[in-house]
Amino acid sequence: MKRYLLKWLLIFVVFIPGRALGERPEISLITCSSGNELYSIFGHSALRAWYPESGKDLVFNFGLFDFNTPNFYSKFVKGQLKYLLGIQTMSDFMEQYKWENRGVKEQKLNLTDEQNDKIMERLEYLYRPENRYYLYSFLYKNCTSELRDIIYSVTDSNRELVLQSAQVTDRELINGYIDGWTKFGINLILGSTLDREIDLWQSMFLPENLYSLLARSQNGTEPFVTKEVELITDSQSSNSGGGFLNFISTPVSILLLLLIAVVLLFFKKGCSGWADNLYVTLISILGAVLTVIILITEHRELYSNYNLLWCNPLYILVVIASLGGWKKTERLLSAISLVFLAILQIVWAQKIQYAEPGFVVIVITLAFTFLGRVICKRGR
């Protein structure tokens, strides 16, 4: 990372002064397709500044971070990880995406000289050592939203367009990129604030949305984009195959098997056993982890999370009562737990928070587990 920082500093010293000599670049938005890693699955955006007279070709990239940052994962969870603006040569930038087999497309922006200068002045200001670092937020401050703010700041002719309703929620947009256990985990930690309908401006936290909205935007009476160029064809193939073997590895299929086992035990015994206790314990542990993450994080996206109604660390009290043989206490706590699950049905029915299919299966399983404890007649 130090080597790259030195390289960016060298680029700043060598290339930026060219503008002071009167050379004005052509500015383009670069949009990259999804990658295979979780951090790249939503794509990427950058801004290109090409100086046709001197041949200098730079990319301003807000999506950089240092894996060697002390307490990297802790800071990421807490929302305290700093990303930074870096400058790369276009050739280096393209090599990276060729190696990753990811598509890259370019939109040449139709800017006046004054608008061009304003964008470059803003980029140069943000690249100063004291300004280049920023606290990352997936929805509100990322590599794409930073470019959105800069590009649209030079014109007010798109205000009515970008303030229109996107007729979609942040979560619906995110779910379009993920599936399987990744989708299960992300929807577990993201709170209900993502389930409100957003406007087109907010939707441009995703690279593809910025790309499409920019193509529809106007700069005064002219289109904001003069030309679109596919620089690298996306050669990644989506793996939608796998058939039955692929299905049985999904969260819903595995959780359905657990549900079937719990239901069979329910009708066979009508009372809790070691398997039920183990299931509730695992849910409680998951709830404890989720609670800690929500309490320590500064990511607004994780707040107001109604998943804690089913993924509840307090359910461990039911297990403790069961192991202690306190059947009346166990029945009471199980009845209270059923009330929590009933409240969750209202949350889902009113679309206050998204009901991930895997969560629905878990809630049904928990309902049978707690109901079995309530109606159980054995013990004192």
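Pairs of alpha-carbon atoms within less than 8 angstrom and 6+ residues apart define the contacts here; what relative contact order does the stretch 243-375 have, in percent?
Working: 115 pairs, mean separation 48.8, N = 133.
The value is 37 percent.
Hey, what's the Cα Rg ratio for the stretch 53-135 versus the globular rule of thumb, 2.2 N^0.38 Å? Spell out each step's value before the answer.
On the way: Rg = 15.7 Å, N = 83, 2.2 N^0.38 = 11.8 Å.
Working it through for the stretch 53-135, the quotient is 1.33.
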Helix axis angle, 180-189 relative to the chain longest principal axis, alpha carbon, degrees: 90 degrees
Degrees between helix 2-15 axis and first principal axis of the chain (Cα, 0 to 90, nearest 10): 30 degrees
Under 15 Å from the Cα of Lys75 - aspartates and glutamates, other chains or at least 8 residues apart: Asp66, Glu298
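Would you mind calculating the relative contact order of the chain from Cα pairs under 8 angstrom and at least 6 residues apart, reporting the percent as a whole number?
Numbers: 537 pairs, mean separation 65.3, N = 380.
Relative contact order comes out at 17 percent.
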Local net charge near Glu106, Cβ-Cβ under 12 Å (Lys/Arg +1, Asp/Glu -1): 0
Size of electric dipole in the stretch 2-232: Cβ of Lys, Arg +1 and of Asp, Glu -1, about Cα centre, debye, nearest 20: 740 debye
Under 15 Å, Cβ to Cβ, from Gly79 - net charge with Lys/Arg +1 and Asp/Glu -1: +3
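Taking only the C-alpha atoms, wrap a convex hull around the chain and report its volume per residue in Å³ as a whole number. The partial results should precede the final answer.
Values: hull volume 58.0 nm³, N = 380.
Considering the Cα atoms of the chain, their hull volume per residue is 153 Å³.
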Violating pairs (Cα-Cα greater than 18 angstrom) within the set Lys56/Lys108; Lys141/Lys351; Lys82/Lys118: Lys141/Lys351; Lys82/Lys118
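How do Glu130, Glu298 line up, fewest other C-beta atoms within 10 Å first?
Details: Glu130 5, Glu298 12.
Going from sparsest to densest Cβ surroundings: Glu130, Glu298.
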Rounded to 10°, Cα long-axis angle of helix 113-127 versus longest principal axis of the chain: 60 degrees
Computed helical MRE - 222 nm, the chain, DSSP H runs ≥ 4 contributing -39500 (n - 2.57), nearest 500: -15500 deg cm²/dmol
Net charge contributed by nearby residues that have their C-beta within less than 11 Å of Val319 (K/R +1, D/E -1): -1
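Please report, largest first and rounded to whole Å, the three semi-axes of the ellipsoid equivalent to the stretch 319-380, where each semi-axis is the square root of five times an eigenvalue of the C-alpha gyration tensor. The partial results should precede the final answer.
Numbers: eigenvalues 145, 22, 14 Å².
After scaling each eigenvalue by five and taking roots: 27, 11, 8 Å.
No value in this document is a laboratory result; all are computed from the given coordinates. Remember, it's a predicted structure, so these values are computed and weren't measured experimentally. FYI the Cβ positions are ideal-geometry reconstructions off the backbone, even for glycines, and counts take in every protein chain you see.
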